[in-house]
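Right, one structure below, let's go through it.
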Amino acid sequence: MTNILAFSETRLGELRRAGLETVTAARRVADATGGQVHAVLAGAPGIAQHAARLAAHGADVVLVLEDDAFANYNPEALTATLAARLGGGYRAAFFAASALGHDLVARVAARMKLAYASDVTEFVFSADAVTVAHPGYTNKIVQRFVLKATPALISLRAGAVLPVENAKAGTVETLAPAGDPTAVRVKVTLTEKAAGGKIDLGEAPVIIAGGRGLKEAANFKLVEDLAAAFGNAAVGATRAVTDDGWRPHSDQIGQTGRLVSPDLYVACGISGAIQHLAGMRTSKTIVAINKDKEAPIFKAADYGIVGDVLEVLPVLTEAVRKARTGA
Amino acid sequence: MKLAVCIKRVPDMEGRFKIAASGTGIDEAGLKYDMSDFDGYAAEVAIQITEKLGAGEVTVISLGPDVVQETLRKALSMGAHRAVQLKHDAPVSDGLAVATALAAELKDGGYDLILCGRMAVDTQNRSTGIFLAELLGLPVISAISQLNVEGGVVKARRELEGAYELIECPLPAVVTIDEGIARARYPSLKGIMAAKKKPLEVKPAHLGAITYQLEKMELPAERAAGRIVGEGKDAVPELVRLLKEEAKVL
């Protein structure tokens, strides 16, 4: 029972970066404790084309579940299939701490009466237990848990383990669904990418976020321009701004929104309410631009500019564009 | 329509936390407590459904020591009809054990729809509602941002990272509530008065086995103090230099 399972999340026929992160994490454990990495790849016919990338990141075996019933997320059929597979004996299983990853692993955990460590940032395997770190209390406290039962079920916070290539055989095996995958109660009828095909907040190395200091919705253009100048940036917002309908709720960073930790976070016209800080305080470098020098955001920031964001942003955008293009 | 809402009492996140001497809890001294944000949304959604139908009953349920009665009364003052406290004095960090107790209370209640918050903002486990559904053998749609219940069918939308999906399932069902559907209302004075007369039952909690053990809590490393680079747009060149040479992110 030393093998490690990695669930590799796909969407609309594409492999998500999170799907490589789980394989990389599983590989790291298998290299330390012995055993093989089995990656699960589920989707509509054609999904098997991604098996080679999973092999390149360390999968000894790629378990391919190809069926039209898995074109969209099929939680009940996946739960039955994974619970049956995991019952055959694994040391641990890694999932992404994504909306779908959480949904799936929690179902599997309850089905198998197993402990589930969610949103894990660190993990240590010892002979008879797995110890994990999981942030809580709006990321103000690190909670360390011990999982004794096997398999240990873990979902990984995006970016906690970055994809690393470490090629293994990646032998493709067919994974048959447990039961009829169309005889399910919960049906996803549509999956659609958000408009614009933008980089997701959880995956972007740079996030430019805007708050009320932008004064009106139209000024978010300045935030988008700066994101475009970086080229690898996503746009986020405070709850005040999403509540006012300037941006969709899915852009909200904070206690009740997305929890992000990019390499660079630029807070534009954001005062730094505790509710917002909860969602971004673990970013590696934080820049704040705000006209109120007493704003709490400056206490969280590495670098601050006191000034009107509407004046500073265009100049910063131009400077970043020059720095990026070397012009 | 019979609805149930599971709510958790959590500390106000505004404060600074200290770790208690036990090392496995927070020091509660001086903290204020309230309903977890997402649970408040769930209560609001359930109350709105009964208001729209002009019929139905919302039961709110919370597991914990007697102080959770205060949180249950708040939900009653928002418009829920009755409350159940599953009395358990020690803190529990295992969502599966909590879900087992909730399932034991809810399984024979004849509920059409059970609502939970997407996650408790203290433990951030995001799993209790899904565990509960699985233990009850009910379909569940988690982390939804839109909800429509009609003709015995739940239709919902879930935000994904950079995408969304539309999902359906039959009633009875469990849903967990994300941002986007509703904000918890502030109780009116009339609601607060009415809540005092609404039924609040206290029952023992029948927790499941603890399989997820909290070993210790720690405060994360403090960030080094930042600095103000300058004022206005003239500070941009220095900021860009620091991002390039010091932070190496540009």
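The values are calculated or read from the model by the stated rules, or taken from the named source; none is laboratory data. In this text, all values refer to a predicted model and were calculated from it rather than measured experimentally. Glycine gets a Cβ as well: all are built from the backbone with ideal geometry, and neighbour counts include every protein chain shown. The accessibility values were calculated without ligands, DNA or RNA, using every heavy atom of the protein model including side chains. Shrake-Rupley method; radii C 1.70, N 1.55, O 1.52, S 1.80 Å.
Among the residues in region B:164-178, are any in contact (Cβ under 8 Å) with a residue 24 or more places away in the chain and touching a Cys at 6+ places or on another chain (Cβ under 6 Å)?
yes
Each row is one residue, and each column tells you yes or no for (1) under 19 Å from A:ILE141 (Cα atoms); (2) more than 9 Å from chain B (Cβ to nearest Cβ); (3) open to solvent by 10 Å² or more (accessible area, probe 1.4 Å); (4) not aromatic (Phe, Trp, Tyr).
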site: A:GLY236; (1), (2), (3), (4): no, yes, no, yes
site: A:ARG258; (1), (2), (3), (4): yes, no, yes, yes
site: A:CYS268; (1), (2), (3), (4): no, yes, no, yes
site: A:ALA278; (1), (2), (3), (4): yes, no, no, yes
site: A:ASN290; (1), (2), (3), (4): no, yes, yes, yes
site: A:PRO296; (1), (2), (3), (4): no, yes, yes, yes
site: A:ALA300; (1), (2), (3), (4): yes, no, yes, yes
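Inspect all residues belonging to region B:168-185 and state whether any of them is more than 12 Å from chain A (Cβ to nearest Cβ), among the basic types (Lys, Arg) and within 30 Å of B:LEU76 (Cα to Cα).
Yes, region B:168-185 has at least one match.
Please state which of the following conditions A:PHE123 fails to meet, knowing it meets all the rest: (1) closer than 18 Å to A:ARG17 by Cα; (2) within 17 Å of the chain's Cα centre (by Cα).
For A:PHE123, the failing item is (1).
Within region A:150-158, is even one residue in contact with a Cys (Cβ under 7 Å, 6 or more places away or on another chain), modelled with pLDDT of 95 or more, outside the structural domain of A:SER271 (by TED's automatic domain parsing) and assigned to a loop (DSSP other than H, G, I, E, B)?
So far as region A:150-158 goes, no, none of its residues is in contact with a Cys (Cβ under 7 Å, 6 or more places away or on another chain), modelled with pLDDT of 95 or more, outside the structural domain of A:SER271 (by TED's automatic domain parsing) and assigned to a loop (DSSP other than H, G, I, E, B).
Determine if region A:1-14 includes at least one residue that is in a helix (DSSP H, G or I) and touching a Lys or Arg at 6+ places or on another chain (Cβ under 7 Å). Spell out the reasoning first.
Residues of region A:1-14 that are in a helix (DSSP H, G or I), as a first pass: none.
Within region A:1-14, not a single residue is in a helix (DSSP H, G or I) and touching a Lys or Arg at 6+ places or on another chain (Cβ under 7 Å).
Test of understanding: among A:VAL241, A:VAL161, which residue is buried (at least 22 other Cβ atoms within 10 Å of the Cβ), out of contact with any strand residue (DSSP E or B) (no Cβ under 6 Å at 6 or more places or on another chain) and not assigned by TED's automatic domain parsing to the domain that holds A:ALA267? Break it down into steps so the answer makes sense when it comes.
Details: A:VAL241 fails: not assigned by TED's automatic domain parsing to the domain that holds A:ALA267.
It is A:VAL161.
Cβ-Cβ below 6 Å, separation at least six or inter-chain, first residue in region A:1-12 and under 19 Å from A:ASP68 (Cβ atoms), second open to solvent by less than 30 Å² (accessible area, probe 1.4 Å) and assigned to a loop (DSSP other than H, G, I, E, B): which pairs?
A:GLU9/A:ARG16
With region A:45-117 as the region, which helices (runs of 4 or more DSSP H) entirely inside it contain at least 3 residues that are more than 23 Å from A:VAL130 (Cα to Cα), acidic (Asp, Glu) and open to solvent by less than 30 Å² (accessible area, probe 1.4 Å)?
none
Being of a type in the set (D, E, K, R), crowded, with 16+ Cβ neighbours inside 10 Å and farther than 24 Å from A:ILE199 by Cα is the filter here, so list the residues in region A:1-44 that pass it.
A:ARG27, A:ARG28
Take region B:119-166 and flag every residue that is assigned to a strand (DSSP E or B), β-branched (Val, Ile, Thr) and in contact with a helix residue (DSSP H, G or I) (Cβ under 9 Å, 6 or more places away or on another chain).
B:VAL140, B:ILE141, B:VAL149
Considering only residues that are open to solvent by 40 Å² or more (accessible area, probe 1.4 Å) and either in a strand (DSSP E or B) or over 30 Å from A:ILE199 (Cβ atoms) (or both), which ones fall in region B:167-181?
Matches in region B:167-181: B:GLU168, B:PRO170, B:LEU171, B:PRO172.
Among the candidates B:GLU105, B:GLU165, which residue alone is more than 9 Å from chain A (Cβ to nearest Cβ) and not small (Gly, Ala, Ser)? Full working, then the answer.
Values: B:GLU165 fails: more than 9 Å from chain A (Cβ to nearest Cβ).
Exactly one residue qualifies, and that residue is B:GLU105.
So for region B:216-228 (the condition being in contact with a Pro (Cβ under 8 Å, 6 or more places away or on another chain), open to solvent by 30 Å² or more (accessible area, probe 1.4 Å), at pLDDT 95 or above and within 9 Å of another protein chain (Cβ to nearest Cβ)), does at least one residue qualify?
No, region B:216-228 contains no residue that is in contact with a Pro (Cβ under 8 Å, 6 or more places away or on another chain), open to solvent by 30 Å² or more (accessible area, probe 1.4 Å), at pLDDT 95 or above and within 9 Å of another protein chain (Cβ to nearest Cβ).
State all residues of region B:127-145 that are under 27 Å from A:ASN139 (Cβ atoms) and open to solvent by 40 Å² or more (accessible area, probe 1.4 Å); if no residue qualifies, say none.
Residue satisfying the conditions is B:THR128 alone.
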